[in-house]
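A short write-up of the structure that comes next.
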Amino acid sequence: MVCETEASLDSRLSGSPELTFARAAVFNKRELTKIGVTVALCVLAGVLSHTGGGAVVTFVSTAAALSMLASMVGSATEEIGARLPPGPTGVLQSALGGLPELFVCVFSLRAGLVKVVQAALIGSILANLLLVLGLAILVGGIKHGRQRFDSEAPRMIATLMMLAVTALVIPTLAFELHTAASTHEEALSAACAVLLLIVFAASIPFALRSDPERSARHGEPTAPLVPRPLPEAHAHTGWPLWLAITVLAVTAVGAGFVSEWFVEALEPAIAKLGFSEAFAGIVIVAIAGNAVENVVGIQLAAKNKPDYAMSTILNSALQISIGLVPVLVLLSFVLGGPVLTLVLPPLLIAALLLTTLTTAAIVNDGETIWLEGVALIGLYGIIAAAFWWG
Amino acid sequence: MVCETEASLDSRLSGSPELTFARAAVFNKRELTKIGVTVALCVLAGVLSHTGGGAVVTFVSTAAALSMLASMVGSATEEIGARLPPGPTGVLQSALGGLPELFVCVFSLRAGLVKVVQAALIGSILANLLLVLGLAILVGGIKHGRQRFDSEAPRMIATLMMLAVTALVIPTLAFELHTAASTHEEALSAACAVLLLIVFAASIPFALRSDPERSARHGEPTAPLVPRPLPEAHAHTGWPLWLAITVLAVTAVGAGFVSEWFVEALEPAIAKLGFSEAFAGIVIVAIAGNAVENVVGIQLAAKNKPDYAMSTILNSALQISIGLVPVLVLLSFVLGGPVLTLVLPPLLIAALLLTTLTTAAIVNDGETIWLEGVALIGLYGIIAAAFWWG
Amino acid sequence: MVCETEASLDSRLSGSPELTFARAAVFNKRELTKIGVTVALCVLAGVLSHTGGGAVVTFVSTAAALSMLASMVGSATEEIGARLPPGPTGVLQSALGGLPELFVCVFSLRAGLVKVVQAALIGSILANLLLVLGLAILVGGIKHGRQRFDSEAPRMIATLMMLAVTALVIPTLAFELHTAASTHEEALSAACAVLLLIVFAASIPFALRSDPERSARHGEPTAPLVPRPLPEAHAHTGWPLWLAITVLAVTAVGAGFVSEWFVEALEPAIAKLGFSEAFAGIVIVAIAGNAVENVVGIQLAAKNKPDYAMSTILNSALQISIGLVPVLVLLSFVLGGPVLTLVLPPLLIAALLLTTLTTAAIVNDGETIWLEGVALIGLYGIIAAAFWWG
């Protein structure tokens, strides 16, 4: 995020606190550009959505603004994380990284767009496991040939993903295959959500633990569940803590507003472009909500760190499954709108299950070739096509 | 089963045959307690079921008596096994261990409770692979941190389990997805049962073989399919063979009677407690029939023997799939009651398939953390809930 | 293919080009027998199918002639391959090996037998992954005990198989679970076919590459996707190139004629024998089209080369999935008959999915015992029975 020369300047200046303050007042050039673009897009999105601009233009500008805000949230989190040990940073990042998508889903729920939210959540998982993983494998494979990964982290995350997906799938199966259960749709969904949140809570100690000694005592290598930020990714730009927190707060509030405009623009745009609610959720909302965040996994694969790339991408999907989904299910009970149950369209469930199994197969065989990346991207396209025509 | 001091006394006395007889007449204190409790529960169960006590009380007491008898059958088998090499002992244990459950299922079939039997059989597999495996992973993980297992035995059993489940699933799929096959439900079920029994028969040589030389000749480690009893588990209490066989015969006959009372009490209890037949089978019968036996797997995990724990638990599930299920299907053709086909409720089949895939994922990644145990136990709860409301 | 003494003669004579020609004119004894049998069967098949012989006799003789022609195509390809590096030979073999089956499917499509073609294609995959793999594991296990395989090739092929099957399965799922998509059946099938062909095309570089240096540079062992012919399998019989090409051309044309007679005889034979079109496709056509080719995998297992056997058999299934199936789907759009969509009978899809998962489990656990072979063969029988009665 910082060009080399500035980073070295940083390290020389870091001793003198006054200078840190002086530098903090002026963001570096790249940061300024980013902030400028974000503010401009937010203003544009706000103007268009209040003046009733063209449905599609409004929708595109709100989506772009949302992506930029998601990226700003990420930068601010990273700055705060630079003061913390790697364990808590990872937890913080995964908690705050989902914020923009959480806002979009909450506003969509309040607007009664349950189908869009369901499709967007499962779509985010599919986009991670098919599109982003596929791109990472493709880019890594083209640059570095066969890529191997042997640490346990990706395999463990794939297993947890399998467990989470089994829980996500049961309410739909009970509803579709076992008619009598249909009246208990909400209770069963809530029970699954609670289980998923317990798993989420139980995973935090594994993520927080950055205690190589304890692992060594047990004769085990440290394999944290939430991948630690790489040292080089940690190039903190020297924002003081108050600035980082301010940026985080401002962008979070901004994300709240833009999310609302985005959701408002969604329905007219869908009507104009003529695709289904499910397609909008599974492709548009899923990609807009995760776009910037997802680039990291692909960059890691390009840098020939397949273990890290795999863990990061799979972990994104896992966090949605055991964090964002159950939180939204439970929130929907208190939001007053329609309840978000886990009884999902069967094709979505089938796609989720097949995708998880395929990912597990790829992770378990311990190496990837670019061909697999092509196949994964293609599968994402075919699933999107099935919903486009649906 | 024997307190330390008595065991050491045993070893000193084992030379003199008269003394062995003398000791045989008096069981040790712990054994006496166990026998007393079992006899008392059996008498209580008999009295309640013949005097028409409260439905629920009768049901609970027969269930408790049945659990104790299952445990006594296990002890007697172990005593007999102490005279045999480990291979045959394993086979004997898995053959006789399923006896009480076999009785319950036979009496249930004669009472026309086909749905209960189907649910109980699949429920026993689910209880093993979710509840017992989950508890073993949870207990092992809390006590010993990340547990690794690298021997091939668990992986091989998981593969065989996958093969068995595929065969178990086909009749239901043929019936649900392929309407024309419905008239051949019984023939297809019988064919699957025969295949499963052939696999069972073919697995006996692998279980019997305790021939490290042959393995060494092939440059392979011995990895028996049926896990051998651990040396320390073998603490034989010094019953002479005639006593062990007598205890086995008496408890087996007792299990026969109590099973009948248990099945008789089942329907009124279900009616009174208000849950479905499927729930009764999947939870109550499955747990009552396996409770004591299942504790062993959890104890092994607690002793930090994850390989052994995994093998024992997975093997229980496999024995039900390729032994108990096909035997009952074929028996049902001659029992005169309704035929037990393998066309099962679709939700049960889906749960079985998902559970097997999840177990395979856990076994294949080669290590477990307590978090996975929590997730497995939670899945069992959610599946039970789906049937509770069904 | 050549007896020992002739082979050694060959190697002494190989210096003098005139002699090569002289020998070419006379095939060796074994080859002559094979050619004679093939010609005789083809003539018989032609006579019977034009004189209107008994339906079943005509069908059996065309099936036998087709099997022999498939074997001759294989021999000729091997001869041509003897002049090429192993990479291109593998590609050539898998391209031409599917020729007879391609002809049968094309003629069946032109005769409107879409269901037979669908069943035959999926049936060929099932026959490879269950029957042939089962026989290979059984034979290998009986002869050599536990067989281990540790190279990455089988695992990578199993992963690609999983990816291919996911793509194959989506159109059916979209049609069955997502009613609105039904009108786009053909477009979705075409999209899946194009994806599968892209994967096929992308896999060719991996198959062609016989460049150990490049692999070494990356510190990776060479693990080609398409298994290379074994050195000993390469016993070229000394046909000059023109003869090999002539034999290939003649047998290919012959396969074209016999395929047509085979398809013509299929319907009356099905009517007479009284089994369903699906059963005919899944068992008869699938086995007749692959019988000879499949023996190779079993022979490799018998020679205690489980890695090679696994790769060869899995690769056959993969080539059908990503080569033959999409080619036929796209061809059906231009052939003028009914379109071959990928919306298949649900039971067929379920069987394909379960089989692929089971195969992945077997490949991933890294060793096989004969018991697994028995289970796989039995599964094939049960699936066939489900369609027999369907």
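The values are calculated or read from the model by the stated rules, or taken from the named source; none is laboratory data. The model shown is predicted, which means the values in this text are computed figures rather than measured ones. Quick reminder, even Gly has a Cβ in these numbers, built from the backbone with ideal geometry, and neighbours come from all protein chains shown. Quick note on the areas: whole protein, heavy atoms, side chains included, nothing else; ligands and nucleic acids left out. Shrake-Rupley method; radii C 1.70, N 1.55, O 1.52, S 1.80 Å.
In table form, for the structure just shown:
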{"item": "FRET efficiency, 1/(1 + (r/R0)^6) with R0 41 Å, evaluated for residue C:29 and residue B:339 via beta carbons", "result": "0.10"}
{"item": "Semi-axis lengths (Å, descending) of the ellipsoid that matches the C-alpha gyration tensor of the stretch C:337-387", "result": "27, 14, 8"}
{"item": "Local net charge near residue A:284, Cβ-Cβ under 15 Å (Lys/Arg +1, Asp/Glu -1)", "result": "-2"}
{"item": "Normalised alpha carbon radius of gyration of the stretch B:301-390 [divisor 2.2 N^0.38 Å]", "result": "1.33"}
{"item": "Between the stretch A:258-275 and the stretch C:237-284, the alpha-carbon center distance in angstrom", "result": "57"}
{"item": "Accessible surface, the stretch C:104-160, averaged per residue in Å² (probe 1.4 Å)", "result": "26"}
{"item": "The stretch C:71-83 - phi-based ³J(HN,Hα) in whole Hz, Karplus 6.51/-1.76/1.60, Gly and Pro as x", "result": "5, 5, 4, x, 4, 5, 4, 5, 4, 5, x, 4, 8"}
{"item": "Distance histogram for the stretch C:254-350 (every C-alpha pair counted, 5 angstrom bins, percent rounded to whole numbers)", "result": "2, 10, 13, 20, 21, 17, 10, 5, 2, 0"}
{"item": "Trypsin sites (Lys or Arg not before Pro) lying in DSSP loop within the stretch A:76-173, provided at most 15 other Cβ fall within 10 Å", "result": "A:83"}
{"item": "Flagged links, alpha-carbon separation over 26 Å, of A:305/C:305; C:115/C:272; C:34/C:143; B:115/B:305; A:115/A:272; C:34/C:303", "result": "A:305/C:305; C:34/C:143; B:115/B:305"}
{"item": "Charge context of residue B:343, other residues only, Cβ under 10 angstrom, K/R +1, D/E -1", "result": "-3"}
{"item": "Stretchable slack from residue A:249 to residue A:40, in nm (0.36 nm times residue separation minus alpha-carbon distance)", "result": "73.4 nm"}
{"item": "Per-residue SASA entry for residue A:264, accessible area with 1.4 Å probe, Å² rounded to 10", "result": "110"}
{"item": "Computed FRET value (nearest 0.05) for residue B:56 with residue A:111, which takes r as the C-beta separation and R₀ as 45 Å", "result": "0.35"}
{"item": "Spacing of the two label points (7 Å from each Cα toward its C-beta) at residue C:302 and residue B:273, in nm", "result": "5.8"}
